[in-house]
1. Name the pairs whose Cβ atoms lie under 8 Å apart, with the first residue in segment 372-393 and on the phi > 0 side of the Ramachandran plot, the second assigned to a helix (DSSP H, G or I) and at pLDDT 85 or above, and 6 or more positions between them or separate chains?
2. Considering VAL341, VAL328, which residue is outside any helix (DSSP H, G or I), surrounded by fewer than 18 Cβ atoms within 10 Å (Cβ to Cβ) and aliphatic (A, V, I, L, M)?
3. Scan segment 188-242 residue by residue and report those that are part of a loop (DSSP other than H, G, I, E, B), more than 17 Å from GLY161 (Cβ to Cβ) and not charged (D, E, K, R).
4. Determine, yes or no, whether SER240 is in the same structural domain as ARG134 (by TED's automatic domain parsing), of a type in the set (Ser, Thr, Tyr) and touching a residue at least 60 places away in the same chain (Cβ under 8 Å).
5. Every residue in segment 357-371 that is at pLDDT 90 or above and at positive phi, please.
6. If you take the residues of segment 284-314 that are in a loop (DSSP other than H, G, I, E, B) and of a type in the set (S, T, N, Q), which of them is farthest from THR111 (Cα to Cα)?
7. Picking from LYS81, LYS66, LYS71, which residue would you name as being in contact with a helix residue (DSSP H, G or I) (Cβ under 8 Å, 6 or more places away or on another chain), at pLDDT 95 or above and farther than 17 Å from LEU292 by Cβ?
8. Looking at (1) over 23 Å from the mean Cα position of the chain (by Cα); (2) not in a strand (DSSP E or B), which is the only condition GLN317 fails?
Amino acid sequence: MSKQILILGGGYGGVLAAMTARKHLTPAEASITIVNRFPTHQIITELHRLAGGTIAEGAVALPLNKLLGSKDINIVVDTVKDIKPNEKQVILESGAVHKYDALVVALGSETNYFGIPGLEENSLVLKSVADANRIRNHVEARLDAYKKSGNKADATIVVGGGGLTGVELVGEFADKLPEVCRAKGIDFNDIKLYCVEAGPAVLPIFPKVLIDRAMESLTKRGVNFITGVAITEATKTSVSLKNGETIESSTIIWTGGVKGNPVVGSCGLAEDRGRSTVTSTLQSTSHSDVFLAGDCAVVFPEGSERPYPPTAQLAWQMGEVVGFNLSVMFKGGTMDKFVPVFSGTLGSLGRKDGVGTIGGNATQLKGLPATLMKEASNIRYLSHIHGMFALAH
């Protein structure tokens, strides 16, 4: 009788775990089921472009049935309600109960609002295709309202958080909004774009020379950076800052923090601040039949007290290690240890500009070379998961 492998999450970690496990296990050896709340595998690193209106939804939402269905992988579109590792079962929002011999948890992270009053109720986030579409539609609606009323709050966009997501998003706005405003008969000079970061600098993952380059590029295109100042409150039409300043804005987008998935943090797996702790082979430290991949796992480099950062490239690599180790679990052999390879970090500053570091020696890129390298990285991933086939059909 074939073993039952259940994979929760259709992001980078989940999809690569499913594909890799199927590569090493025949349908007779293991039945593989993947549960995802969307019918698509979403390219999260490109959502800022969809939110800005510079690419179409089809470029970032790949149908799971085309990616995985042809590989004898069962696809269930549902939301995970509860994980019961001691009973070896998962309960979904629909009421369905799935039992397993091996479980892969790759449910990602959730937005952390840090208890800031009004922020969750009055801000938009960028975690999915639906979120990106919501942002784009909201901005368009506010611009239409501004044209009618002249209310400055409708012409002001505040992005909270100066990490990669926040800066890439504000870069898309800086590129696309002049065109949108022309089409609507609005003077782009009336539009105010803010990026607010509580820390001392935006893009803290980059060296100072690239941070300065990014800020210079975006400031020239109309972005106002406020650093070292936290957001203390949000309403439907304003953002309050710790320095006492208030920005009138009816578009607040929060990209300033993530936390572990609460379903994972409360299910009984060993955890550390809401993220599950894992062994070197990415098995739960409390349940060896549960593997973890992506943001919901906390992985520490050997001898370090600081975990690896939650990134797409690490989730991809974790998924492949988990997929192989699943086959070892059922067929025997030696499991692979997770030893990540850092190929670099790339950030777009709009359609024709970017910054990044690549390779083991962190070679610095800026301008068009960084943009082209980021595009090449995306194409490489799509090719790797056979996404080009899904896009073409």
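The values are calculated or read from the model by the stated rules, or taken from the named source; none is laboratory data. Nothing here was measured: the structure is a model prediction, and the numbers come from that model. Cβ atoms come from the backbone with ideal geometry, glycine included; neighbour counts cover every protein chain shown.
1. Listed pairs, sorted by first residue: HIS386/LEU67.
2. After applying the criteria, what remains is VAL341.
3. ILE191, PRO207, GLY222, THR235, THR237 - these are the residues of segment 188-242 that are part of a loop (DSSP other than H, G, I, E, B), more than 17 Å from GLY161 (Cβ to Cβ) and not charged (D, E, K, R).
4. no
5. GLY367
6. Applying the filter and picking the extreme gives SER288.
7. None of the others qualify; the one that does is LYS81.
8. Result: GLN317 fails condition (1) only.
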